[in-house]
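Quick notes on the structure that follows.
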Amino acid sequence: MSQVTMRVWRGDANGGDFQEFALERQEGEVVLDVIHRIQATEAPDLACRWNCKAGKCGSCAAEINGKPRLMCMTRMDQLPEGPVTVTPMRTFPIIRDLVTDVSFNFAMAERVPALLPPPMPEDGYRMYQEDVERGQEFRKCIECFMCQDVCHVIRDHEENKQHYAGPRFFIRYAELEMHPLDTNDRRDYVREEMGLGYCNITKCCTEVCPEHIKITDNAIIPMKERVVDAHYDPVAWLGRKIRRRTKRTASEASVQPQP
Amino acid sequence: MTDYEHHDYDVLIIGAGGAGLRAAIEAKQRGLSVGIVTKSLLGKAHTVMAEGGMAAAMGNVYPEDNWQVHFRDTMRGGKFLNNYRMAELHAKEAPDRVRELEQWGALFDRTKDGKILQRDFGGHRYARLAHVGDRTGLELIRTLQQKVVSMGTDVYMECKVLRLVHDEHGAIAGAVAYWRPTGQFVTFGAKSIILATGGVGKSWKFTSNSWESTGDGHAMALWAGAELIDMEAIQFHPTGMVWPLSVRGLLVTEGVRGDGGVLRNSNGERFMFNYVADMFRAETAESEEEADRWYEDHSAGRRPPELLPRDEVARAINAEVKNGRGSPHGGVFLDIGSRRSAEFIRRRLPSMYHQFMELAGVDITRESMEIGPTCHYIMGGVKVDADTAATRVPGLFAAGEVAGGMHGANRLGGNSLSDLVVFGQRAGLGAAAYLEGGSGPRGFDRGEVEAAIVQATAPFERESGENPYDIQRDLQEMMQANVGIIRNGPEIEEAIVALETLSERVRNVAVAGGRAYNPGWNLATDLPSMITVSKCTARGALERRESRGGHTREDFPKADPEFGTFNLAHSVADGRWDGEFTTVRSPLLVMPDELKALLEEAH
Ligand SMILES: Cc1cc2nc3c(=O)[nH]c(=O)nc-3n(C[C@H](O)[C@H](O)[C@H](O)COP(=O)(O)OP(=O)(O)OC[C@H]3O[C@@H](n4cnc5c(N)ncnc54)[C@H](O)[C@@H]3O)c2cc1C
Ligand code: SF4
Ligand code: SF4
Ligand code: FES
């Protein structure tokens, strides 16, 4: 079997460099398998994240030959000939080697005003498949944060992280907005506090999403329209198709419902 | 005495899978202060990988369904080794626990009239699994995670608990842990602790489990003085991927069979018809035509044999391969492509479609999958009181996969996710009741903290020693070979000797580098629990001289009624950690007559 050279970035917040590893190729392997083989032999302290090894948990995102990908879903035999470069996601601070500090995303999650449904009837809510499907698309998100990684608003501008939720959370807001049971209105909040206006629809996020969520077309663009509408049309934008309740006002939206 | 970062809580929850998160919600709702600790980031626990669905007798598809039938199915699936009270509570409460998830944002697939849709799975008499395509675990964990976050809960991510800490009277007083990103130690003072650490599957070579499933909670409970039961009952899921080698063990959801997929050997034969045990004969189809009618309408035929409980199917596959009728890479074929439309498959099983397309280059809408058994789930675990999830150690509770009893000798698919929310909630309630009763620790044994830290940092002190990955690999290969799906006395005895040698080797592990995000060191700290738990499994497997559920002995191929009256319970004498453990026969709870009658009813 032929050999492959892996160029893996190693280091921490103080800096680092590439380290090269030469290994035998093995049939059917993905990049994560090769990283694991390096860990098990030459470099047991090589840091990376993973859990499911099946593209389901979103832990193993890294930049492979400069592009954000899930290491567990990237087949070695589908990469171009030559050395394979693996670097951590650039938008987030380095912890060690391929592991980055993604706490920005968890901080943004805390700022999402929760779902506010009406009280549940004894035998559960009734919702129809066509009404839940839009939300289901966004709920496929595995929180790999690769869309956040490529979004230029934060990739090149650390300062924007204070007031920019990023594509992962725009789909979360869209999901809540389109939720058949929700009565919370987050439109002004998304515009004023979460920086929806910074997005100029480059679609880079959609291109990298491993779940093939149409982040821009199905979430961001409708949200932008919706936010504009908020100023003259306070009633539901999805109106006809989805049986939804009247939204509360935007000023109440950032209030978390009581547990 | 060194000072460590320290935090105090009413309830400390170890584990952020479905069980831990559900427990946190309950404890928070009771006004208690709650901290959650997890080895990974929030939302990445094993629960996220669950595919097929969560079982609850809501009767949305088959109104005939009710808790009594679910109870019966669970007990039969478990070969009656279950804690009947857990099975009863689970069957009764699962529907409410599933419905309430929609209050917190879950969006399950729907029936035509807008209710939660339910799908068929092995061993369940009716279509009973609430689901979202084949990513139900993701929906469950995200819903609970978002709820927990909206309640403002402290979550310690990438923080590994090493040991539980007692007070001066042997009650739970807290825990000692380290942050993976920095390697710094942290202590928790806790009036009560809920263990929700998941499973043990990483000790086998071919497994559907992630690196986290090292049995830490099982081992910590044992070391802390609790009992572990049924540790020999390991579920080998019949359908794991077998090729390419690097993904061997990765799960193929039972939903494939629930939605019409069938198993064939190398002759193209639907061999499961040849493996129907007496216990299931009356309710299983006799011909392919009858089985196929059942998919359309459950009253028009009996269940296909592909949907027998998992232990039955896994043994059958094993036998086919052994008899030379396997697939090229040592499995059998799972075929849905010839039986359902491509559109149906992509809609119902999207992640299976992608998993095979991207990892194996197989288009499951046209080609058969090659599959074989993979280590998947441990039925055994910490012995708990069904109603409160309390262990025998005051202040210590356990829920989810780490707890034992609910599933007996074999778990039905879909019964885990519902178990997580039913007993997660009960553990939260149990801890709250314990604290309301005025119980709580008096003191905090600093000696235990120091001992844990000395042990954890020892691998850095050694100039030379073994690579922890080598030990892990040898453990996995040994357990796969000797305590795998089919077992026998001499091989288990060999395993017990081998585990002693592995223990010795763990004492000689060395790691290089610093403590900050060092996977080699992290693994070194997982090895003691992996080996402790494997020892209990091997001991239980040796002493249970019969075959029952997830435990199959080729030297004792039949179930023995005598062995059906007790669990094997392991505990460490006088609550000392790392000590020798003893194994005793612990009689099953006596079932009330009205529940017994349910089991005897012919359906
Ligand atoms: C691929 C796959 C598919 C499945 N599909 C289904 C299905 O369709 N239906 C079903 O019912 N069941 C299914 N199961 C089983 C089910 O998913 C698991 O049994 C269940 O999710 C376990 O949940 P849990 O909450 O007990 O623990 P887990 O989700 O495993 O979480 C354990 C938590 O404990 C933490 N932890 C562990 N040790 C420590 C420590 N030392 N310190 C700190 N934290 C620690 C981990 O970080 C994690 O947060 C499936 C399992 C797999 C692997
Ligand atoms: S489309 Fe918007 S959110 Fe997506 S990457 Fe471009 S700027 Fe960022
Ligand atoms: S939207 Fe897609 S790319 Fe972004 S975090 Fe979710 S799964 Fe990843
Ligand atoms: S390890 Fe889970 S997505 Fe790669």
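The values are calculated or read from the model by the stated rules, or taken from the named source; none is laboratory data. Source: prediction; values computed, not measured. Glycine gets a Cβ as well: all are built from the backbone with ideal geometry, and neighbour counts include every protein chain shown. Each accessible area value is taken on the protein alone, full model and side chains, heavy atoms only, with ligands, DNA and RNA left out. Shrake-Rupley method; radii C 1.70, N 1.55, O 1.52, S 1.80 Å.
Identify the residue in the stretch A:170-179 that is open to solvent by less than 10 Å² (accessible area, probe 1.4 Å) and more than 11 Å from ligand 2 (Cβ to nearest atom) and, among all such residues, is nearest to residue B:115 (Cα to Cα).
Restricting attention to the stretch A:170-179, the residues satisfying the condition of being open to solvent by less than 10 Å² (accessible area, probe 1.4 Å) are A:170-171, A:173-179.
With the extra rule that they be more than 11 Å from ligand 2 (Cβ to nearest atom), the set shrinks to A:173-179.
Values: A:173: 25, A:174: 23, A:175: 20, A:176: 20, A:177: 21, A:178: 18, A:179: 16 Å.
Among residues in the stretch A:170-179 that are open to solvent by less than 10 Å² (accessible area, probe 1.4 Å) and more than 11 Å from ligand 2 (Cβ to nearest atom), the one nearest to residue B:115 (Cα to Cα) is A:179.
Can you confirm whether residue B:374 is open to solvent by less than 50 Å² (accessible area, probe 1.4 Å), more than 25 Å from the chain's Cα centre (by Cα) and closer than 30 Å to residue B:290 by Cβ? Explain how you work it out, then say what you get.
Numbers: open to solvent by less than 50 Å² (accessible area, probe 1.4 Å): yes; more than 25 Å from the chain's Cα centre (by Cα): no; closer than 30 Å to residue B:290 by Cβ: yes.
In short, no.
Would you check which residues across the stretch B:109-132 are assigned to a loop (DSSP other than H, G, I, E, B), open to solvent by less than 10 Å² (accessible area, probe 1.4 Å) and more than 8 Å from chain A (Cβ to nearest Cβ) and list them? Give the steps one after another, and end with the answer.
Within the stretch B:109-132, the first condition is being assigned to a loop (DSSP other than H, G, I, E, B), and the residues that meet it are B:109, B:111-115, B:117, B:120-128, B:131-132.
Then drop every residue that is not open to solvent by less than 10 Å² (accessible area, probe 1.4 Å), which leaves B:114, B:121-122, B:124, B:127-128, B:131-132.
The answer is B:121, B:122, B:124, B:127, B:128, B:131.
Could you list all residues from the stretch A:182-213 that are within 14 Å of chain B (Cβ to nearest Cβ) and more than 16 Å from ligand 4 (Cβ to nearest atom)? Break it down into steps so the answer makes sense when it comes.
Let us first name the residues in the stretch A:182-213 that are within 14 Å of chain B (Cβ to nearest Cβ), namely A:182-184, A:186, A:209-213.
Residues satisfying the conditions are A:182, A:183, A:184, A:186.
It is to be established whether one or more residues within the stretch B:526-546 are buried (at least 18 other Cβ atoms within 10 Å of the Cβ) and within 14 Å of another protein chain (Cβ to nearest Cβ).
Yes, the stretch B:526-546 has at least one match.
Among the residues of the stretch A:11-26, is any facing chain B (nearest Cβ under 8 Å) and within 16 Å of ligand 4 (Cβ to nearest atom)? First the steps, then the outcome.
Within the stretch A:11-26, the subset facing chain B (nearest Cβ under 8 Å) is A:12, A:26.
Still in the list and also within 16 Å of ligand 4 (Cβ to nearest atom): none.
No, the conditions are met nowhere in the stretch A:11-26.
Taking the conditions exactly as written (more than 11 Å from chain A (Cβ to nearest Cβ), surrounded by fewer than 19 Cβ atoms within 10 Å (Cβ to Cβ) and either within 20 Å of residue B:206 (Cα to Cα) or at pLDDT 95 or above (or both)), does residue B:254 satisfy them or not?
Working: more than 11 Å from chain A (Cβ to nearest Cβ): yes; surrounded by fewer than 19 Cβ atoms within 10 Å (Cβ to Cβ): no; either within 20 Å of residue B:206 (Cα to Cα) or at pLDDT 95 or above (or both): yes.
So residue B:254 fails the test.
Within the set of pairs 6 or more residues apart or between chains, which connect a residue that is free of Cβ contacts under 8 Å to residues at least 40 places away in the same chain and surrounded by 14 or more Cβ atoms within 10 Å (Cβ to Cβ) inside the stretch A:1-25 to a residue that is assigned to a loop (DSSP other than H, G, I, E, B) and among the charged types (D, E, K, R) with Cβ atoms less than 8 Å apart?
Hits for this filter: A:21/A:42.
Here's the yes/no breakdown for (1) on the phi < 0 side of the Ramachandran plot; (2) open to solvent by less than 40 Å² (accessible area, probe 1.4 Å); (3) within 16 Å of ligand 3 (Cβ to nearest atom):
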residue	(1), (2), (3)
A:140	yes, no, yes
A:144	yes, yes, yes
A:147	yes, yes, yes
A:155	yes, no, yes
A:162	yes, no, no
A:168	yes, yes, yes
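Looking at the stretch A:191-206, is at least one residue modelled with pLDDT of 50 or more, within 16 Å of ligand 3 (Cβ to nearest atom), open to solvent by 30 Å² or more (accessible area, probe 1.4 Å) and touching a strand residue (DSSP E or B) at 6+ places or on another chain (Cβ under 7 Å)? Reasoning before the result, please.
Let us first name the residues in the stretch A:191-206 that are modelled with pLDDT of 50 or more, namely A:191-206.
Checking which are within 16 Å of ligand 3 (Cβ to nearest atom) leaves us with A:194, A:196, A:199, A:201-206.
From the residues that got through so far, the ones that are open to solvent by 30 Å² or more (accessible area, probe 1.4 Å) too are A:201-204, A:206.
Those still in the list that are touching a strand residue (DSSP E or B) at 6+ places or on another chain (Cβ under 7 Å) too: none.
Checked against the condition, which is being modelled with pLDDT of 50 or more, within 16 Å of ligand 3 (Cβ to nearest atom), open to solvent by 30 Å² or more (accessible area, probe 1.4 Å) and touching a strand residue (DSSP E or B) at 6+ places or on another chain (Cβ under 7 Å), the stretch A:191-206 yields no hits at all.
Within the stretch B:12-39, can you find the residues that are part of a loop (DSSP other than H, G, I, E, B) and crowded, with 22+ Cβ neighbours inside 10 Å? Before the answer, list the steps.
To start, the set of residues in the stretch B:12-39 that are part of a loop (DSSP other than H, G, I, E, B) comprises B:15-17, B:30-33, B:38-39.
If the condition is that a residue be part of a loop (DSSP other than H, G, I, E, B) and crowded, with 22+ Cβ neighbours inside 10 Å, then B:15, B:16, B:17, B:38, B:39 are the ones that fit.
Tell me, yes or no, whether the stretch B:577-595 has at least one residue that is open to solvent by less than 20 Å² (accessible area, probe 1.4 Å), in contact (Cβ under 8 Å) with a residue 12 or more places away in the chain, at positive phi and of a type outside the set (Phe, Trp, Tyr).
no
Limited to the stretch B:40-75, what total is found for residues that are assigned to a loop (DSSP other than H, G, I, E, B) and within 16 Å of ligand 1 (Cβ to nearest atom)? Don't jump to the end; show me each part of the working.
Taking the stretch B:40-75 and keeping what is assigned to a loop (DSSP other than H, G, I, E, B), we get B:40-45, B:50-53, B:56-66.
Retained after the next criterion (residues that are within 16 Å of ligand 1 (Cβ to nearest atom)): B:40-45, B:50-53, B:56-58.
Total meeting the criteria: 13.
Any residue that is closer than 20 Å to residue B:41 by Cα and more than 16 Å from ligand 4 (Cβ to nearest atom) - is there at least one of those in the stretch A:115-132?
Start the filter on the stretch A:115-132 by keeping residues that are closer than 20 Å to residue B:41 by Cα, which leaves none.
Checked against the condition, which is being closer than 20 Å to residue B:41 by Cα and more than 16 Å from ligand 4 (Cβ to nearest atom), the stretch A:115-132 yields no hits at all.
Kindly provide the set of residues from the stretch A:56-73 that are within 9 Å of chain B (Cβ to nearest Cβ), open to solvent by less than 10 Å² (accessible area, probe 1.4 Å) and within 14 Å of residue A:30 (Cβ to Cβ), ordered by number.
Result: A:72, single match.
Which of (1) open to solvent by less than 10 Å² (accessible area, probe 1.4 Å); (2) farther than 28 Å from residue B:282 by Cβ; (3) small (Gly, Ala, Ser) does residue B:91 not meet, given it meets every other one?
(2)
Which ones in the stretch A:79-104 are open to solvent by less than 30 Å² (accessible area, probe 1.4 Å), at the interface with chain B (Cβ under 9 Å from one of its Cβ atoms) and on the phi < 0 side of the Ramachandran plot?
A:99, A:102, listed by residue number.
Taking into account only those residues within the stretch B:40-82 that are away from every other protein chain (no Cβ under 13 Å) and open to solvent by 30 Å² or more (accessible area, probe 1.4 Å), which is nearest to ligand 3 (Cβ to nearest atom)?
Within the stretch B:40-82, the match that is nearest to ligand 3 (Cβ to nearest atom) is B:61.
Pairs needed: first member in the stretch B:326-350, outside the structural domain of residue B:269 (by TED's automatic domain parsing); second member anywhere, open to solvent by less than 30 Å² (accessible area, probe 1.4 Å) and among the β-branched types (Val, Ile, Thr); C-beta distance under 8 Å; at least 6 residues apart or different chains.
Pairs that qualify, where the first residue is outside the structural domain of residue B:269 (by TED's automatic domain parsing) and the partner is open to solvent by less than 30 Å² (accessible area, probe 1.4 Å) and among the β-branched types (Val, Ile, Thr): there are none.
Within the stretch A:34-54, can you find the residues that are open to solvent by less than 20 Å² (accessible area, probe 1.4 Å) and modelled with pLDDT of 95 or more?
First, the residues of the stretch A:34-54 that are open to solvent by less than 20 Å² (accessible area, probe 1.4 Å): A:34-35, A:38-39, A:43, A:46-48, A:51-52, A:54.
Once the filter is applied, which keeps residues that are open to solvent by less than 20 Å² (accessible area, probe 1.4 Å) and modelled with pLDDT of 95 or more, the stretch A:34-54 yields A:34, A:35, A:38, A:39, A:43, A:46, A:47, A:48, A:51.
Residue A:227 is checked against (1) modelled with pLDDT of 90 or more; (2) in contact with a helix residue (DSSP H, G or I) (Cβ under 7 Å, 6 or more places away or on another chain); (3) within 16 Å of ligand 2 (Cβ to nearest atom) and fails just one. What number does that condition carry?
So the condition that residue A:227 fails would be (1).
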